[in-house]
Protein chains: 2
Amino acid sequence: MVSKVVFGRGSFTQLGEILAPERLNESAPFIFLVDDVFEHNASLIAKIPLLYKDQIIFISSEEEPKTTQVDKLVEDIVLNSSVLPSGIIGIGGGTLLDLAKAVALMLTNDGSSHEYQGWDLIKNKGIYHVGVPTISGTGAEVSRTTILTGPTMKLGINSDFTPFDQVILDPELTEGVSKEQWFYTGMDCYIHCIESLTGEYINSFSKTYGETALSLCKEVFLETLIQEESQDKLMMASWHGGMSIAYSQVGVAHAMSYGLSFLLGTKHGIGNCIVFDHLEEFYPEGVELFKKMKAKHNISLPQGICANLTDKQFDIMIDVSLSLEPLWENAIGKDWKTKITRSRLKDLYSKM
Amino acid sequence: MVSKVVFGRGSFTQLGEILAPERLNESAPFIFLVDDVFEHNASLIAKIPLLYKDQIIFISSEEEPKTTQVDKLVEDIVLNSSVLPSGIIGIGGGTLLDLAKAVALMLTNDGSSHEYQGWDLIKNKGIYHVGVPTISGTGAEVSRTTILTGPTMKLGINSDFTPFDQVILDPELTEGVSKEQWFYTGMDCYIHCIESLTGEYINSFSKTYGETALSLCKEVFLETLIQEESQDKLMMASWHGGMSIAYSQVGVAHAMSYGLSFLLGTKHGIGNCIVFDHLEEFYPEGVELFKKMKAKHNISLPQGICANLTDKQFDIMIDVSLSLEPLWENAIGKDWKTKITRSRLKDLYSKM
């Protein structure tokens, strides 16, 4: 679990105070990985406490994070400084948070990040790393994974060393997100809850977190809240939803959206929505409520994104999806292989 | 926050596996502080993985933990071993968990534990410490405090170093607790929720934890659950209730029960119940529900425990209670001193 967390509107201004005791020395910089949507946001940038050799690196979140991107960032940081940084701070959505976690790990573990995709392959503790979410839903701020697209697979680096040492939850930072992005990312959390709560791996621990997050999602997406309350509640939903899957597992929507993402580069939030919209047979109640939320917020999902794919392309998506065995086992049960066939997946993908 | 946690029926058997990588060397023992109710429980004792110079110390939880008791335990451990232990494992209720946290801190901080009662006075990280609750409700497994009775005050050692490094939540360990103790300790959690949720310090973070815990308490104490479900849910209620107050504060019941405890040695769980039973004016709905729970489980609380106290004794309780300023401020507001007078407290104590 994340060992330290502050929560509150405006709490981002505490960043300097939080980092100060963690600075190793004047030569060891803090590296801030910041979503480039904030590059011209003077008010946010002014609050990043730069001292000595500290550095901001702006990164686009237009594409999902990649192992090659992590390796390049690590190489640049190492070339740029004679000593290891004091810490890595990720400021942004799931992409930036996952990049920050991966970079912090790869600064102390040899080789390429793709060698660590999987479960508990990381050998050494990473350097100090801090997460500051600026959009709510992914749960990346609390999870023990960092999900990367590698040469052969979209898969997380899951380890006890992955979680942030410190998280700052400041709901004010989520202001200015577009309605679509807010919805897609928020639905990531909603789908986490449905997949966790209906899965085989569910237990009393995860259930209490999942039910809390689900109830917050329903308030945010089906009721009419004032903006501040809605921001606060969605940030907490993301947190609890992330905790719920940390001790259980996701399911069909994630297994299939990873395929879309690997082949077509579909971003995670919207990809989950595109897939989940067609999963009535697996999650009847969850999908019904999802369609209500979609209607209430006038969201039109892209249609026919798989219309012109070749058989070879379908095979690639199906391979990626089927490789995520724990997700299928959680969703369907130990005998999932008898029920989830390649042709069934192809039929489902064809509808999207 | 606690950085590592396992949850599950039977998870206590993982203790050996969890401790192995934390052993510093063969000379540095793990010290197990175990509630002496388990001294003749062969099944539990057999699961404690003793190796090399590891040691079990049985401790009675008949009395609330004291600073002198912590100092004595630390002294004995230091005299007994030439090197610092590899870790301290507390197995029991709030008393044992708080003792384990305090001993782990005092092995690396000079002087007497009473010098650290307060907020953020601890200078050095304690040694590795693990908490294994065997009764649910106190939230001691997740809190950043260890509440001790010192020479002048009952007050916690609150610090970022206090929380456990590892917690094992195994609901099976709560089997065999008497109905009364189960109720009193469970009500500690219920009262945490009421005090946190109705307090001035409440925020969206604490609220989500508090509401989750409150809803679990209502299920456990007002509905009819099968035993396993009830044990699982109360263990999770304790966890979330503890998280809720970690980021907010408790209130009138705790402020007043500390007075009872300091003067009369009243144990925390029953002390909270005795006080809360008379707090309708502060928590009307919470007290009404408490009385329903009490009736459902045929609990008779002790009456007249303050009947024969002298004025001087009342003054001691009132002094202890009024010294807990953050609790009163949370419960009543910044102007609490105009509303909470010594005579009002004396009237309340006199009813108990």
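The values are calculated or read from the model by the stated rules, or taken from the named source; none is laboratory data. As the structure is a prediction and not an experimental result, all values here were calculated from the model. Cβ placement follows ideal geometry from the backbone for every residue including glycine, while neighbour counts extend to all protein chains displayed. Quick note on the areas: whole protein, heavy atoms, side chains included, nothing else; ligands and nucleic acids left out. Shrake-Rupley method; radii C 1.70, N 1.55, O 1.52, S 1.80 Å.
Grab the beta carbon distance between residue B:56 and residue B:25, set R0 = 22 Å, and tell me the FRET efficiency rounded to 0.05. Please list the in-between numbers first.
Details: r = 20 Å, r/R0 = 0.91.
Rounded to the nearest 0.05, the efficiency is 0.65.
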Rg in Å to one decimal, and Dmax rounded to a whole Å, for the range A:154-261 via C-alpha atoms: 14.2, 39
Over 18 Å between alpha carbons, listed pairs A:179/A:233; A:72/A:101; A:207/B:294; B:101/B:125; B:233/B:291: A:207/B:294; B:233/B:291
Under 20 Å from the Cα of residue A:346 - aspartates and glutamates, other chains or at least 8 residues apart: A:277, A:280, A:281, A:311, A:315, A:319, A:325, A:329, A:335
Cα-based shape type of the protein assembly as shown, given that a ≥ b ≥ c are square roots of the gyration tensor eigenvalues and the cut on a/c is 1.5: prolate
Diffusion coefficient, µm² s⁻¹, Stokes-Einstein with Kirkwood Rh over alpha-carbon pairs of the range B:179-350 at 20 °C and 1.002 mPa s: 132
Pairs of Cα atoms farther than 20 Å apart, the range B:25-82, %: 33
Distant alpha-carbon pairs in the range A:127-213 (separation over 14 angstrom), percent: 73
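In Å², what does the accessible area per residue of the protein assembly as shown work out to with a 1.4 Å probe? Present the calculation step by step, with values, prior to reporting the outcome.
Working: 27710 Å² over 704 residues.
On a per-residue basis, the protein assembly as shown sits at 39 Å².
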Nearest-first distances (nm) between copies at residue B:27, label 7 Å from Cα via Cβ: 3.5
Restricting the range A:264-307 to GluC sites (Glu not before Pro) in coil, as DSSP defines it, with at most 15 other Cβ within 10 Å: A:280, A:281
Gaussian network model of chain A, springs between alpha carbon atoms under 10 Å - residue of A:311, A:120, A:110 with greatest fluctuation: A:311
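Taking only the C-alpha atoms, wrap a convex hull around the range B:85-243 and report its volume per residue in Å³ as a whole number. Mind showing how you got there, number by number?
Values: hull volume 18.6 nm³, N = 159.
Given the Cα convex hull of the range B:85-243, per-residue volume reads 117 Å³.
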Overall form of the range B:73-135 per C-alpha gyration tensor (a/c, 1.5; a/b vs b/c): oblate
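State the dimensionless ratio Rg/Rh of chain A (Rg: radius of gyration of Cα atoms; Rh: Kirkwood radius). Present the calculation step by step, with values, prior to reporting the outcome.
Values: Rg = 19.6 Å, Rh = 20.5 Å.
Rounded to two decimals, Rg over Rh is 0.96.
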Per DSSP, loop GluC sites (Glu not before Pro) in the range B:1-30 with at most 12 further Cβ within 10 Å: B:26
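Answer rounded, prolate or oblate for the range B:43-177, using the Cα gyration tensor with square roots of eigenvalues a ≥ b ≥ c: rounded when a/c is under 1.5, else prolate when a/b is larger than b/c, else oblate.
Details: a/c = 1.63, a/b = 1.21, b/c = 1.35.
Oblate shape, in that a/c is at least 1.5 and b/c is the bigger or equal ratio.
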Low-density loop cleavage sites - chymotrypsin sites (Phe, Trp or Tyr not before Pro) in the range B:1-107, where at most 16 other Cβ are within 10 Å (DSSP): B:52
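Quick check: convex hull of the Cα atoms in the range A:254-298, volume per residue, rounded to a whole Å³? Could the numbers behind the result be given before it?
Numbers: hull volume 3.0 nm³, N = 45.
Cα-based convex hull of the range A:254-298, divided per residue, equals 67 Å³.
Taking only DSSP H segments of four or more residues, each worth -39500 (n - 2.57), what value at 222 nm results for the protein assembly as shown once the sum is divided by all its residues, to the nearest 500 deg cm²/dmol? Show your work: numbers first, answer last.
Values: 28 runs with 330 residues, N = 704.
Roughly -14500 deg cm²/dmol at 222 nm, from the helical runs in the protein assembly as shown.
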